[in-house]
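A.B. asks: Pasting a structure below so you can have a look.
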Amino acid sequence: MTVTLRVVLDQLVAPTSPDLAEASASLTAALVATAPRGCDVSAIVPSPGIPEEQAIAGLTSETRLAVRRRELAASWQLGVAPGIGKGLIHSPTALAPLVRHDRVNETHQIVVTLWELRAWETPDELPRAEILACRALLSRVTKHADAVIVPTHAMAARLADVAKAKLVKKVRVIEGAPAAGLRVPSDAVGRLRALDLPSTSIVLAGGTAASDGLEAAFAAVVASGWDGDVVILDVPEGDEPALAELAAAAGIPETRIHARGALDRWDRAAVLSHAAAFVTACGRTDWPWRAVDALAVGIPIVALDTPVHREVLADAAAFAAADDLGAALTRALGEDAERLRVLAGDRAKGFAWELSAERVWALHAEL
């Protein structure tokens, strides 16, 4: 008898986040590759189904629901999940058909994943409707999920501060990883040219939200004496003028600032591979997507000293308090540059979706 693990892949149909879409695709491909004997993987998706260019090889079937993602999210958040059936269900995000079920007698399992806690840590930076939706969803997760995956022990500890004890008991830590196959592309120089970006820069990520820490990162760039270009990834649409003002206030001319939105994995790898350093001053307990990308391409990393950064980056980064990031960046650009490159490459080997997938299979077996 074959045991099927059904993965919720709404992010491949109508992504709300490029990072969640990449993580969903990468993890699912790894689940297919690491499936134990007698097990296979299928998908649960909203209408109109997974686009051909996003198709994942090895999926045995696709349960295509009659509604689109927006309507699906609304119904699932209310506990309405017709047509799902029983079995092992895994969601790479917090969205899942969270309904009352019998895990013991009906072998029906539901596992979800949390990548951030912004609705609790920085609610002032989010629309009220999004906060309410996140908190309502966590309430359903608490009631009906059989396990909740978080990517770091630091997030597990933070979740214990904001969630009920019933949820905390369900938490398991399984790390994320860079997008599957992320590496420096052979056409990196051409990609930089197409993006109208410089061949050398310091790279940052984020927008104008205070918790992104770009004010401290800009100050660090100035304090380090770096007089070259600064590239900012993942800039929310419309934040560009405000970021230019923030940089100018720190002493960086607008002509040296290059703001870009979400790039695909190969463009990100091209930009990061030509960076003198990557600087992150984000203080949230989110999974640090871009810092892990920086590990994968082996560049010096300067990071705000937080539990998440310490756990994920270990010795592959120069850590500092917000007001001392400039000194850390100076070292990362100079005497510590080669050491940090080597350590980043070594640390990156510890993050792979195949390793995460094996732990996901083990979790479902445990349940």
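A.B. asks: Starting with the fewest neighbours, write out 186, 24 ranked by other beta-carbon atoms found within 10 Å of each beta-carbon.
C.D. replies: 186, 24
A.B. asks: Take every Cα pair under 8 Å in segment 188-348 that's 6+ residues apart, average their separations, divide by the length, and report that relative contact order as a whole percent.
C.D. replies: 25
A.B. asks: Filter the trypsin sites (Lys or Arg not before Pro) in segment 313-367 to those in DSSP coil with at most 15 other Cβ atoms within 10 Å of their Cβ, and list the result.
C.D. replies: Details: sites: 331, 339, 341, 347, 349, 359; in loops: 349.
Sparse-neighbourhood loop trypsin sites (Lys or Arg not before Pro): 349.
A.B. asks: To the nearest Å, what is the center-to-center distance of segment 1-27 and segment 101-135, using C-alpha atoms only?
C.D. replies: 16
A.B. asks: Quote the Stokes-Einstein diffusion coefficient, in whole µm² s⁻¹, for segment 188-348, based on the Kirkwood radius over alpha carbon pairs, a temperature of 37 °C and a viscosity of 0.692 mPa s.
C.D. replies: 216
A.B. asks: Then there's this: Tell me, which longest segment in the chain has none of the GluC sites (Glu not before Pro) that fall in DSSP loops with at most 14 further Cβ atoms within 10 Å? Before the final figure, lay out each step's value.
C.D. replies: On the way: sites that count: 237, 335.
The answer is 1-236.
A.B. asks: Below 18 Å Cα-Cα, how many Lys pairs turn up in segment 69-228? Only count pairs eight or more apart in sequence, or on different chains, if you could.
C.D. replies: 5
A.B. asks: So how compact is the chain: Cα radius of gyration and Dmax in angstrom?
C.D. replies: Considering the chain through its Cα atoms, Rg and Dmax are 20.9, 66 Å.
A.B. asks: In addition: As an exercise, identify the trypsin sites (Lys or Arg not before Pro) in segment 98-155 lying in DSSP coil whose Cβ has no more than 15 other Cβ atoms within 10 Å. Provide the component values of the computation, followed by the final result.
C.D. replies: Working: sites: 100, 103, 118, 128, 135, 140, 143; in loops: 100.
Taking segment 98-155 and a limit of 15 other Cβ atoms within 10 Å, the loop trypsin sites (Lys or Arg not before Pro) found are 100.
A.B. asks: Place a point 7 Å from the Cα of residue 173 along the Cα-to-Cβ direction; which residues of segment 82-124 have their backbone N under 16 Å from it?
C.D. replies: Correct set: 114-116.
None of the figures in this text is laboratory data; all of them are computed from the coordinates on show. Fair warning: this is a prediction, and the values are worked out from it, not measured in the lab. Here Cβ is always computed from backbone atoms with ideal geometry, including for glycine, and neighbour counts include all displayed protein chains.
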